[in-house]
Amino acid sequence: MPGADEARPGAAGDEGVAGAAAEEEHPGAAVEEGHPGAAAGEGPGSRTHAHPGLPPHLPPGRPPRVSRRALFGSAAGGLAVLAGGGAATAALRSGDRSANPAIIPFHGPHQAGILTPRQSQVRLAAFDLGARTDRGRAAALLLRWTAAAERLTRGESPDPRNEPPGSRAAETGVLAGTGPARLTVTFGLGPGLFDRPGLARHRPAALAPLPAFPDDRLDPARGSGHLLVQIGADDAFVTTHVLRTLQRLAHGEARLRWTMTGFTAADGRRNLMGQIDGTNNPDPRRALLSGPGVPAWLVGGSYVVIRRIRMLLDHWDTLPAAHREQALGRRAADGAPLSGGDERTPVDLAAVRPDGVPMVAANAHVRLAAPAADAGDGAVMFRRGWSYHDGVRADGTPDAGLLFLAWQRDPRTAFVPVQRRLARGDALSRYLVHEASAVFAVPGGVSPGEYVAQGLMEG
């Protein structure tokens, strides 16, 4: 739903509807009212079978390290065979040498696509690993994807020597001449990934299943997933081709589970309800993981809750302007709170009119989405969402709304409490339908010569 305050999960951008689009251009604000939510689970297991190329005599109970050589080992050993293993490693070792403003560096302490100013287009996609894809083969896939993403974000084609075994498709070069268009490719890991032997004991406690929320109408086919890919760019042609490339490179190891496409307004702030999204968003760096207890592979990373929130626009558009503003608690024109001031003025929840009636209604979105006064960083959410419009439904109503993404240090202390409050009577909720939900752990950044989640896959 429309935006939330400081630590709240997903509503729309600021309080602005369904899910929130705040961004890095406005660091430091409070999370603002918005939000909806989701999360994941855990389990045990260890790898007991050996693969050629892996260390043969490991201490009992210790999962083998997946060396780069093993990743490119024989198919007989059960690992994905990458025809051009050396080429992939060489690609990873190359630096981001261009000063082209259309190129967002792939390498860094955190993955691009979190702090990066939002692009105009996004494609979100989740993949499920095949039944025979074990830890080693999953690592090989992440290596292939990392090598390809590093080249694609520089406007180059993936190395043809790194095509997966058995794939008859090939790089078509269709992006030649289009430019990288500020492309970012961000990878996440779903709870189900940790069910693979050798990974269960590494599952973070914060990657727990989200509880059920009242009035959710979730489609399981459009939620969850073992691997997440967020592809952002200023050109929908680029995001489409990059997704197709990653699908091709996943041949034999993972299949596409779901995909969603979003866009932003020209000013980067309005959602389809006409509200300014992202007001009071916090400094996005507060959503990044660090400190004691954070696994090395997650340092610089985050958790992201994704909610697909359909807006009942045909109903919303018939409401009087005053009713729409009361539901949100802010003015539509400039985002200022109904208690007075401008967009950046803190909401005064105690303000009343001369007749004693609260200026911000008891069920206004901004009131219910406001974080607790003692909320720490663990309760902060950085909202970064996109609008979507996928035509009309069978009943003739718009299939449109918000792809709500909330970045946070722990969904259990950020998204979940806020969504529970909103579910208890948020005035905006009657004009929103939560249709899909997922939660992912997003590993930290990648240095040249490494691949995404390498510390986890080889730990």
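Farther than 18 Å from Gly252 by Cβ, open to solvent by 10 Å² or more (accessible area, probe 1.4 Å), modelled with pLDDT under 95 and of a type in the set (A, V, I, L, M), is that true of Ala102? In short, yes.
Only residues that are more than 17 Å from Gly252 (Cβ to Cβ) and open to solvent by 10 Å² or more (accessible area, probe 1.4 Å) were counted in the range 128-151, giving 1. Scanning the range 416-446 for residues that are within 27 Å of Leu227 (Cα to Cα), in contact with a Pro (Cβ under 7 Å, 6 or more places away or on another chain) and aliphatic (A, V, I, L, M) turns up Val416, Val418, Val439, Ala441.
If Gly291 satisfies every condition in (1) crowded, with 17+ Cβ neighbours inside 10 Å; (2) at positive phi but one, which is the exception? Evaluating Gly291 over (1) crowded, with 17+ Cβ neighbours inside 10 Å; (2) at positive phi leaves (1) as the failure.
All conditions but one from (1) buried (at least 20 other Cβ atoms within 10 Å of the Cβ); (2) hydrophobic (A, V, I, L, M, F, W, C); (3) at pLDDT 95 or above; (4) not in a helix (DSSP H, G or I) apply to Leu193; the one that does not is (4). Criterion first (of a type outside the set (Asp, Glu), more than 18 Å from the chain's Cα centre (by Cα) and modelled with pLDDT under 95) does Gly293 satisfy it? So Gly293 passes the test.
Being open to solvent by 50 Å² or more (accessible area, probe 1.4 Å) and among the basic types (Lys, Arg), is that true of even one residue in the range 370-387? The answer is no, given that none of the residues of the range 370-387 is open to solvent by 50 Å² or more (accessible area, probe 1.4 Å) and among the basic types (Lys, Arg).
Looking across the range 256-269 at every residue that is in a loop (DSSP other than H, G, I, E, B) and among the hydrophobic types (A, V, I, L, M, F, W, C), the one that is nearest to Gly401 (Cα to Cα) is identified as Ala265. For the range 305-354, a residue qualifies if it is of a type in the set (A, V, I, L, M) and surrounded by fewer than 13 Cβ atoms within 10 Å (Cβ to Cβ), and the qualifying residues are Ala321, Ala322, Ala333, Ala350, Val352. Does the range 421-442 include one or more residues that are open to solvent by less than 10 Å² (accessible area, probe 1.4 Å) and of a type in the set (Asp, Glu)? Yes, the range 421-442 has at least one match. Would you check if there is a residue in the range 256-263 being touching an Asp or Glu at 6+ places or on another chain (Cβ under 6 Å), open to solvent by 50 Å² or more (accessible area, probe 1.4 Å) and closer than 27 Å to His389 by Cα? The answer is yes, given that some residue of the range 256-263 is touching an Asp or Glu at 6+ places or on another chain (Cβ under 6 Å), open to solvent by 50 Å² or more (accessible area, probe 1.4 Å) and closer than 27 Å to His389 by Cα. When the range 401-415 is filtered for residues that are over 22 Å from Leu227 (Cα atoms) and surrounded by fewer than 21 Cβ atoms within 10 Å (Cβ to Cβ), only Thr413 remains. Of all residues in the range 224-237, one or more are open to solvent by less than 60 Å² (accessible area, probe 1.4 Å), more than 28 Å from Ala296 (Cβ to Cβ), out of contact with any Leu (no Cβ under 6 Å at 6 or more places or on another chain) and in a loop (DSSP other than H, G, I, E, B). Across the range 161-190, what is the number of residues that are small (Gly, Ala, Ser), at positive phi and touching a residue at least 60 places away in the same chain (Cβ under 8 Å)? Here the count works out to 3.
Residues in the range 408-459 that are farther than 16 Å from Met381 by Cβ and among the polar types (S, T, N, Q): Ser429, Ser447, Gln454. Those residues that are farther than 17 Å from Ser120 by Cα and out of contact with any Leu (no Cβ under 9 Å at 6 or more places or on another chain), I need them from the range 391-409; list them, please. Correct list: Gly391, Val392, Arg393, Ala394, Asp395, Gly396, Asp399, Ala406, Gln408.
Per the listing Gly278, Gly300, the residue uniquely under 13 Å from Val442 (Cβ atoms) and assigned to a loop (DSSP other than H, G, I, E, B) is Gly300. Leu272 passes every criterion in (1) in contact with a helix residue (DSSP H, G or I) (Cβ under 9 Å, 6 or more places away or on another chain); (2) part of a loop (DSSP other than H, G, I, E, B); (3) open to solvent by less than 50 Å² (accessible area, probe 1.4 Å) apart from (3). The residue list Ser120, Ser157 contains one member that is free of Cβ contacts under 8 Å to residues at least 24 places away in the same chain and either crowded, with 24+ Cβ neighbours inside 10 Å or in contact with an Asp or Glu (Cβ under 6 Å, 6 or more places away or on another chain) (or both), which is Ser157.
The values are calculated or read from the model by the stated rules, or taken from the named source; none is laboratory data. Owing to the predicted nature of the structure, the values given are computational and were not obtained by experimental measurement. Using ideal geometry, Cβ is built from the backbone for each residue, glycine included, and neighbour counts are taken over all protein chains shown. Protein only, heavy atoms only, side chains kept; ligands, DNA and RNA dropped before computing areas. Shrake-Rupley method; radii C 1.70, N 1.55, O 1.52, S 1.80 Å.
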